[in-house]
Amino acid sequence: MRHITVEVGTGPLAPAEILAVAREGAGVRLSAEAESAMAAGRKVVEALADDAEPHYGISTGFGALAVRHIPVDRRAQLQRSLVRSHAAGSGPEVEREVVRALMLLRLSTLATGRTGVRPETARVYAAMLTAGITPVVREYGSLGCSGDLAPLAHCALAAMGEGEVRDASGALRPAAEALAATGVEPVVLAEKEGLGLINGTDGMLGMLVLACHDLRTALRTADVAAATSVEALLGTDAVFAADLQALRPHPGQAESAANLRALLDGSGIMASHRTPDCTRVQDAYSLRCAPQVHGAARDTLAHAEVVAGRELAAAVDNPVVTVDGRVESNGNFHGAPLGYVLDFLAIAVADVASMSERRTDRFLDVARNHGLPPFLADDPGVDSGHMIAQYTQAGIVSELKRLAVPASVDSIPSSAMQEDHVSMGWAAARKLRRAVDGLTRVVAIELLTAARALDLRAPLAPAAATAAVRDRLRAEVAGPGPDRWLAPEIEAAVGLAASGEVLAAAERVTGPLN
């Protein structure tokens, strides 16, 4: 997909454009409007640089050191020192897609002209993205206040031709070597540019945009899993009726219930127990209340997407060049708006996964699975069936509960108490990435187990949509039989869930799900 080029202008990027650059390797170019806006903003900064009066970030030190006036002949060194000292991350490398999203979003803010960074500096970022040069950013270093300082500083360091990067092939190389190999000239930073390159919420925002996209797929896939479980556990779809759902008018709940109705339409298994002889009064909460939980997660996601949209339209820097040509200090770099929703999503993810695990567990217990063999085993006692698959789910769900503990309620003062309240939004974003992966794995195991149960209900026929999902799984994973090495089958199901293949199989029958 490298032939795609995303144009960065003065307005907000769309999530699809961020995904194209972050995940598909799309190239980047600056619009003429952005070039003009940056040139105009730069003129304001240069006028203040010649002023005898000190101006923060232009002719002074930074943070708690802002009281020192820096003479003209030391200002280039000031910018280099800022970037070098702030590139202080530690720990494992951050994923390529996160770093590319971070760089793109910082470039988008530069393009507004509100940072006072020169167009030629912004062009270096565009060229690095297009060439597939990814700075090495480390896991730890951002407190999410004054933005994602350390992660962004590692990117600025690479643009200066220092530090380490991964080239387009993924090889680890010195930044200067990788830039030279692709014809990119390292930037020599001028006044204010160090701050303009590192003072943003771009890491938090990039991870939020990526997580929102992935959760849109994960929550619809959770509906597919829930429908398959309701069906294979001989549950009822009557509780998903539109008029019942309308009595509690949450939009996400209505969407989830509509999905469940569509997925279960025409089920021969469900029709088989819709008789006067059926003694089932109502199903367990993990079946009956799926729209309520999955719907609440959807509404949480919708709120997070609103916040992400606002942040994509923001120009975060300190100081900032205003539209009328002033340079003003501000607090817009604080990550609280992002930290809150990142934490909120982790809570929703943990709860959806917890409900999925409970449905899976019901399949394995003869007291609750309505006629299926213990643990769905071929020869119970000799075979263990899906017993330990549920253990794997339980371990992940337990971890998701720990990841749901909010990061944004913590604050550790820094910079000699100048930055005395920080957001920890970067930490919230990092744990949300792990949580989304965990949810996908839990739902995949539920799908694997529910599909096995559908097979064991034969000759009763499932709904067309759930049968299509079962058949898609069967293309990768064999049906019921004696115990096999289970881990590869779980990973196959995880791959199908994460890629959207499971969802696509269902939607080929139902049409687009909500």
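The values are calculated or read from the model by the stated rules, or taken from the named source; none is laboratory data. In this text the structure is predicted, and so the values were computed from the model without any measurement. Neighbour counts run over all protein chains shown; Cβ positions are idealised from the backbone, glycine included. What goes into the accessible areas is simple: the full protein's heavy atoms, side chains included, and nothing from ligands, DNA or RNA. Shrake-Rupley method; radii C 1.70, N 1.55, O 1.52, S 1.80 Å.
State to the nearest 20 debye the size of the charge dipole of the range 182-325 about its Cα centre, where the only charges are +1 on K and R beta carbons and -1 on D and E beta carbons. Can you show the working numbers first?
Details: 10 positive and 18 negative charges, 142 e Å.
Computed about the Cα centre, the dipole is about 680 debye.
Compute the acute angle (0 to 90°) between the alpha-carbon long axis of helix 387-403 and the principal axis of greatest extent of the alpha-carbon atoms of the chain; round to the nearest 10°.
Computed tilt is about 30 degrees.
When the gyration tensor of the range 397-494 is built from Cα positions, what are the square roots of 5 times its three eigenvalues, in whole Å, from largest to smallest?
They are 44, 13, 10 Å, listed from largest to smallest.
Identify, among 257, 275, 204, the residue whose Cα sits farthest towards the positive end of the charge dipole of the range 177-305, taking +1 on the Cβ of Lys and Arg and -1 on the Cβ of Asp and Glu, with the dipole about the Cα centre.
275
Report, in deg cm²/dmol and to the nearest 500, the calculated mean residue ellipticity at 222 nm for the chain, where each DSSP H run with n ≥ 4 adds -39500 (n - 2.57) and the sum is divided by the residue count. List each step's numbers first, then the result.
Details: 20 runs with 286 residues, N = 514.
Roughly -18000 deg cm²/dmol at 222 nm, from the helical runs in the chain.
Count charges around residue 173 for me, please; just the other residues with Cβ under 9 Å from its Cβ, Lys/Arg as +1, Asp/Glu as -1. Show your work: numbers first, answer last.
Working: positive: 166; negative: 164, 167, 177.
After counting each charged neighbour, the total is -2.
Could you sort the peptides 141-151, 28-38, 126-136 by per-residue average Cβ neighbour count (10 Å cutoff), highest mean leading?
On the way: 141-151: 27.7, 28-38: 18.3, 126-136: 22.3.
Top to bottom by mean Cβ count within 10 Å: 141-151, 126-136, 28-38.
I need the trypsin sites (Lys or Arg not before Pro) found in the range 237-325, filtered to DSSP loop residues with at most 16 other beta carbons within 10 Å of theirs. It would help to have the intermediate numbers written out before the result.
Numbers: sites: 261, 274, 280, 288, 298, 310; in loops: 274, 280.
For trypsin sites (Lys or Arg not before Pro) across the range 237-325 that sit outside H, G, I, E and B with at most 16 neighbouring Cβ atoms in 10 Å, the list reads 274, 280.
Would you mind checking the radius of gyration and Dmax of the range 243-286 based on alpha-carbon positions, in Å?
Looking at the range 243-286, its Cα Rg and Dmax stand at 12.9, 35 Å.
To the nearest 20 Debye, how big is the dipole of the chain about its Cα centre, given +1 on the beta carbon of each Lys and Arg and -1 on that of each Asp and Glu?
Details: 48 positive and 61 negative charges, 37 e Å.
Dipole of the chain, to the nearest 20 debye: 180 debye.
Excluding residues fewer than 8 places away in the same chain, name every one of the lysines whose C-alpha is closer than 26 Å to that of residue 43.
Partners within reach: 192.
Using a 1.4 Å probe, what is the accessible area per residue for the chain, in Å²? Walk me through the numbers before you get to the answer.
Numbers: 20170 Å² over 514 residues.
For the chain, the per-residue accessible area is 39 Å².
Rg (Å, one decimal) plus Dmax (Å, integer) for the alpha carbons of the range 110-224?
Spelled out, the Cα radius of gyration and Dmax of the range 110-224 are 16.0, 55 Å.
Under a 5 Å amide H to amide H cut-off, with H placed in plane at 1.01 Å, what residues pair with residue 8 once short-range neighbours are removed?
29, 30, 31
What number in nm² do you get for the chain if you take the convex hull of its Cα atoms and divide its surface by four?
Details: hull surface 104.0 nm².
Projected area, direction-averaged: 26.0 nm².
Give me the compactness ratio for the range 189-334, meaning the Cα radius of gyration over 2.2 N^0.38 Å.
1.62
Using the 2.2 N^0.38 Å rule of thumb for compact globular proteins, work out how the range 77-168 stacks up: its C-alpha Rg over that value, please. Numbers along the way, then the final one.
Numbers: Rg = 12.3 Å, N = 92, 2.2 N^0.38 = 12.3 Å.
Expressed relative to 2.2 N^0.38 Å, the Cα Rg reads 1.00.
For the range 342-479, which whole percent of the accessible surface, found with a 1.4 angstrom probe, sits on carbon and sulfur atoms? Mind dumping the intermediate values first?
Values: 3060 of 5370 Å².
The value for the range 342-479 is 57 percent carbon and sulfur by accessible area.
Name the trypsin sites (Lys or Arg not before Pro) in the range 400-488 that are in a loop by DSSP and that have at most 14 other C-beta atoms within 10 Å, would you?
484
Expressed as an acute angle from 0 to 90° and rounded to the nearest 10, what is the orientation of the C-alpha long axis of helix 149-159 relative to the principal long axis of the chain?
The helix 149-159 is inclined about 70 degrees to the chain.
How would the range 453-514 be classified by its alpha-carbon gyration tensor: rounded, prolate or oblate, with rounded meaning a/c under 1.5 and the a/b versus b/c comparison settling the rest?
On the way: a/c = 3.24, a/b = 1.22, b/c = 2.66.
It comes out oblate by the Cα gyration axes.
Binning every alpha carbon pair distance of the range 269-372 at 5 Å from zero, what are the percents per bin?
The percentages, shortest bin first, are 2, 10, 13, 13, 12, 9, 8, 7, 6, 5, 4, 3, 3, 3, 1, 0.
Using a Cα-Cα cut-off of under 25 Å, which lysines could be cross-linked to residue 431, ignoring same-chain neighbours fewer than 8 residues away?
By straight Cα distance, residue 431 reaches 401.
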